[in-house]
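What follows is a short report on a single structure.
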Amino acid sequence: MTFKAPITIASAVLALSPTLAPADMILGSWNVRQLGWDNGKEVEKVAHVAQSMDLIALQELMDKSALEELVAHLESTTGEAWGAMASHSLGEGERYREHYGFVWRLSEVEYAEGAVVFLDHDDVFAREPYSAMFRDRETGQELALANLHVIYGDSVSERAREVEALADYWGWLEEVYPDTPRVLAGDFNLEPEHEAWGPLRSAGASPALNRVATTLAHETGVYRHLYDNFWLNPNELSISDTGVIPFPTLLGMNHEEARSRVSDHAPIFLATDGAEIQLYAWPGTDATPSEDVAPSDLSCIDLNESPEGALEGLPHIGPARAELVAEGRPWGSVAALKDIDGLGPVRVADIRESGLLCPLSVAG
């Protein structure tokens, strides 16, 4: 993974002339955090980061018009034409609904057929997955790309229920797109080691990303959870690289700025057929070429030692409760967290079972 100098529109247009470049494609997935709301989002910077990928599944698209704005910035930034489409709004109730979106570079990828929202007869998913078939223009390779944002909910068990149902959805994708490689892309709000993934693993799928992290902690340079991922059968695609794009570094932002103005999730990518991703530093930043830029801080969270910002990475722990945890130190047991207002036995169990805690350094 390498940084490149920012491209100009003129140079990008020249790049459209015939070349002998190898056939390849960079597949991406990104939770763009409420894109389309009046929240100060800097869409031009979203596009600047997204230009490194050829086909991107987007989560938390709140308004379809924002997708049009993103495409306009992508075309201005790259000098190339881009395609896009979105699902209808999905979610439980009317207060919080979102769309799934796809954007793709027309010189590399074409939409083939079959865009459809899953008919969830069992009413398992809060936001039913959205899928479509795409084709690599150079190789003719087709893939069925499914876009999914698992509910965060009030407990890990809510997320686990949706993840467990993905095995059936995986089988449904095979029926809808026969003889086509399937890829589940999205924000799953659950680490790939959780036991809820067992049914999908048994069905033949595995995660493309493992020992990395994709969500931005409040501390600059620190990443917490591996929630964003691709699940696929690795024998069905020629995968040459996978990784996480540390976009705050590219844009010269600290994490608080990045979370507010771009997203609290980093985009992930999967390269096929020998593709090599190129990252573009925002003009004026001091980002330098590096081969080790993928965030990989998966250190555990220590109830007695971690800063309050890190404590917020635990289920049900926001800024106020993180302060209470810090004030209550030393903790002799995880069960003692029940003394904090709002942390009953179920929520404490979620914290214990999250797999995020370090062994307690104080006996109790």
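The values are calculated or read from the model by the stated rules, or taken from the named source; none is laboratory data. Everything numeric here is computed off the predicted structure, so don't read it as measured data. Glycine gets a Cβ as well: all are built from the backbone with ideal geometry, and neighbour counts include every protein chain shown. In case anyone asks, the SASA skips ligands and DNA or RNA and just uses the protein heavy atoms, side chains included. Shrake-Rupley method; radii C 1.70, N 1.55, O 1.52, S 1.80 Å.
Derived scalar couplings between HN and Hα for region 346-357 equal 5, 5, 5, 5, 4, 5, 4, 8, 5, x, 9, 7 Hz in order, rounded to whole Hz, by the Karplus curve 6.51 cos²θ - 1.76 cosθ + 1.60 (θ = phi - 60°), x for Gly and Pro.
Across region 108-118, computed HN-Hα scalar couplings (Karplus, 6.51 cos²θ - 1.76 cosθ + 1.60, θ = phi - 60°) run 10, 9, 10, 6, 8, 4, x, 5, 7, 8, 4 Hz from first to last residue, x flagging Gly and Pro.
Just the number please: accessible area per residue for region 86-193, 1.4 Å probe, all protein chains included, in Å². Please report the intermediate quantities before stating the final value.
Values: 4420 Å² over 108 residues.
Per-residue value: 41 Å².
Residues whose amide H comes within less than 5 Å of that of Ala115, counting only those at least five positions distant or on another chain, are Met133 (H built at 1.01 Å from N in the peptide plane). Since only Asn210, Gly171, Ala185 are under comparison, the one whose Cα sits farthest along the positive direction of the charge dipole of region 165-230, derived from C-beta charges on Lys, Arg, Asp and Glu, is Asn210.
Against the criterion of solvent-accessible heavy-atom surface with a 1.4 angstrom probe, Ser240, Ser354 sort, most first, into Ser240, Ser354.
Of the residues His48, Gly252, Gly101, the one whose Cα sits farthest towards the positive end of the charge dipole of the chain is Gly252 (charges of +1 on Lys and Arg Cβ, -1 on Asp and Glu Cβ, taken about the Cα centre). Summarising the amide proton neighbourhood of Ser263: residues at separation of 5 or more, or on other chains, whose placed amide H is nearer than 5 Å comprise an empty set.
Share of carbon and sulfur in the accessible area of region 42-124 stands at 45%, probe radius 1.4 Å. Accessible surface comparison of Asp123, Asp228, Asp273, probe 1.4 Å, protein chains only, largest first: the order is Asp123, Asp273, Asp228.
With θ taken as phi - 60° and the Karplus curve 6.51 cos²θ - 1.76 cosθ + 1.60 applied, the whole-hertz 3J(HN,Hα) list for region 273-281 is 6, x, 5, 10, 6, 10, 9, 10, 6 Hz, x standing for glycine and proline.
Dipole size in debye (nearest 20) for the chain around its Cα centre, Lys and Arg Cβ +1, Asp and Glu Cβ -1?
Numbers: 24 positive and 59 negative charges, 83 e Å.
It works out to roughly 400 debye.
Applying both filters, DSSP loop and at most 14 other Cβ atoms within 10 Å, to the trypsin sites (Lys or Arg not before Pro) of region 83-147 gives Arg95, Arg97. When the dipole is taken about the Cα centre of region 95-162, and only Lys, Arg (+1) and Asp, Glu (-1) are charged at their Cβ, what size is it in debye, to the nearest 20? For this selection, approximately 220 debye.
In a DSSP loop and with at most 11 other Cβ atoms within 10 Å, the GluC sites (Glu not before Pro) in region 154-262 are Glu193.
Within the shell of other residues whose beta carbon sits under 10 angstrom from the beta carbon of Ile26, the net charge comes to -4, with Lys and Arg scored +1 and Asp and Glu -1. Amide H contacts of Phe230: Ala208, Leu209, each under 5 Å away and 5 or more positions distant or on a separate chain (H built 1.01 Å from N in the peptide plane; Pro and chain starts excluded).
Exposed loop sites were defined as chymotrypsin sites (Phe, Trp or Tyr not before Pro) in DSSP loop states (anything but H, G, I, E or B) carrying at most 15 other C-beta atoms within 10 Å; in the chain the longest segment without such a site runs 153-364.
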